[in-house]
1. So what is the relative contact order for the range 157-209, in percent, with contacts set as C-alpha pairs under 8 Å and at least six apart?
2. Quick check on packing: order 400-410, 240-250 by the mean number of other C-beta atoms within 10 Å, highest mean leading.
3. Output wanted: per-residue J couplings in Hz (rounded whole) for the range 420-432, from phi through Karplus 6.51 cos²θ - 1.76 cosθ + 1.60, θ = phi - 60°, x for Gly and Pro.
4. Which entry is the computed semi-axes √(5λ) of the Cα gyration tensor in Å for this structure: (1) 60, 49, 25; (2) 64, 28, 25; (3) 64, 30, 20?
5. Hey, rough spin-label estimate for ILE505 and SER407, points 7 angstrom out along Cα→Cβ, what's it come to in nanometres?
6. Calculate, for ARG488 and GLU416, the FRET efficiency according to 1/(1 + (r/R0)^6) with r their C-beta to C-beta distance and R0 41 Å; round to the nearest 0.05.
7. Dipole of the chain (Lys/Arg Cβ +1, Asp/Glu Cβ -1, origin at the Cα centre): which of GLN640, ASN528, TYR466 lies farthest to the positive side?
8. Run a plain Debye calculation on the range 464-645 (Cα atoms as equal point scatterers, no solvent) and give log10 I(q)/I(0) at q = 0.10 Å⁻¹, rounded to two decimals, same order as the q list.
Amino acid sequence: MDTAFKDNLDAYITKLQRIAIQLNGLRSARPFRARREGGALAMKSARLFLAYCALVSLVRRNIEPICNPFCVGLVVVPAEWQLNDVQEAAKIIFKDEKVRVCLHPASKSRRGWEIDPAEHLTSGRLIVFVTEGSTIHEDFELAATVRDRLHLCDPRHLRALGRLRGCGVLSDDQVAVIAEQPSERMEAIFRIGQPVERAAMRLLKEGKQRPQSTEAKRLDVSKGFGQASAWAMELKKDLQDWRDGKLAWSDVDKGFLLHGPPGTGKTRFASALAAECEMHLEATSISKWQSSKDGHLGDMLKAMYRSFASAKENAPCLLFLDEFDSIGDRTKFDSRHADYSIQVVNALLECLDGVEGREGVVVVGACNHPNRIDPALIRSGRLEKHVYFPLPNAEARAEILAFYLPSLAEHPSLKEIAARLPGKSGADLERLSRDARRTARRERRGVTIDDLREEIEPLPVLNEGYQLHIAIHEAGHALIAHALRVGRAERVEVFDNAQNFATDIDAHGITVIEHPRLPFRTKREMMNLIAMHLAGAAAEEVFYKDRSTMASGSSQSDFAMATELAVEMITKYGFGTSPYYLPGSVNPSNASELWRDRRLRAEVDGILRTEYARAKDMLNGLQQTLVKFAVELAKHKRLQGDQLEKLWPGATALDQTVARKC
């Protein structure tokens, strides 16, 4: 801001004050005195100068009410700026005035508000600076006579700062990118005597290197991701109706939680979703907030408020919060850090509640362990819709490979390769694509489909002996599911890796059972489910007098699911030796904690042993049916519908009876 401009501005403010006094009879209000601090402030601090200029503009906009001897002004400061810088500028502007300046706390602590409005409201004129996005004490809200937002980094002020510091002239694009930067970067951008253009060009280059939302459109979110795909299409339609004025914003779901295994591509999905819905993407994480500056509570909260404020400014916007489970649960915090962590959760609750009033902002959290999140964050009204995000199916895997290898997107073999990669996550597919590109790069040519094939370890072809072993295992699951009425077996398959390949899960065989939707389950029904999960291994032991590794080895294995059910029976439903239930007493996702609980371990062990023995006894009595079922399965590789109906115990005798009656 040059001297002539500053003189004219001060004179204009003084003139307006005098007019306001004459019109309103505010004889007790003394006009603010004009001063010439602009040049000196610019040399002292870039941040202080910009805060000073923004405050002068705010005073000019609100000259009449600020002249009132009983004015209470609420001034909202962008989350990227420190309140201390604005306070220092205010002290300079109101140096000779009876104006009290107050910094509003970032959030309400566990002990309550760390500010007493009564102490400040006794003053005649009061200016309260509050960070954008934070909750304001209700007493200040009631007393406020002026509400305004501080417009920092005005293009005129940035250009004036560049001239006063000898940093040169800025173009419109350079001004725009500098205006987006947080306050702590201003000193590095406006170095005295150094061309500001150099820093601005670097910032522009960084912005161009960021992944653009148009790229994310290559990933089709409408299919291949189960519930997440269906939800994405619903959101897209609702947003379009909102844009067309057919739907009120209050009727749009504004909070979602994506949860599922690690590496499934939740971040990439969110980016593609923002592009599909034509929304700005604001992506951050709890750890990014934590790493802001020194990681002190104030620094983290400011980073949090900055993300929400940026989402609001760029609406319609999808605010993506990764690693959402790292926020924790207030009931489980370590006592040493409880106060810090509780205030972080409380502040996030305030931000999420505020989203309802921030039209055009959709908040999407992503995590691996939803049970570790404070229940208040994921209740109705906040991240209320919970969507399971699975490993991608064959169609989605092809889309992901096409995204990372665009030159092969139309190759007819790409879908075939993707279909033969069950169990691979989005991160796995990215690594395969990266390795294929590296091979081509070393040979100084474009990537080919053979480069991708070479990175995939070929599956061993299974001989008839292995196929029969797998068939025995799957037959055990199917027969026990049918006998105990756990559900309806839709299909049973074995994969030889020659003609038949797994496409849904990384397994040698699969039994797909459609479970009925029940209002509740009895203890016996849960026992039956456990017996069904253990029946594959039991069938192997009945036929081979031995069992293989097919029933265990991963978090989705037969034994893992049976164990999880048994733990739930004891800790959640009171089906142990004692019908107790104490919420939060056991963390089911913490394996080591469960292992240390000897009583729980003993009860779970008892359930698993009992149901394994029951499944084995039942299959011992069905040995002939078991063998017949397995032989047919090994022969045809896939059984479903009428093929299964003919193999259930008693089916042959029933058919003969019906024939005789006919």
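Here, each number is a calculation from the coordinates, and none is a lab measurement. Predicted, not measured: the structure shown is a model, and the values here were computed from it. Neighbour counts run over all protein chains shown; Cβ positions are idealised from the backbone, glycine included.
1. On the way: 48 pairs, mean separation 22.5, N = 53.
Relative contact order, the range 157-209: 42 percent.
2. Numbers: 400-410: 19.1, 240-250: 12.3.
Ranking the peptides 400-410, 240-250 by packing returns 400-410, 240-250.
3. Computed from phi, the couplings for the range 420-432 are 9, 10, x, x, 7, 8, x, 5, 4, 5, 5, 5, 4 Hz.
4. Answer by label: (3).
5. Distance between the two pseudo-spin positions: 3.8 nm.
6. Numbers: r = 31 Å, r/R0 = 0.76.
It comes out at approximately 0.85.
7. Selected residue: ASN528.
8. The Debye formula, applied to the Cα set alone, gives -0.41.
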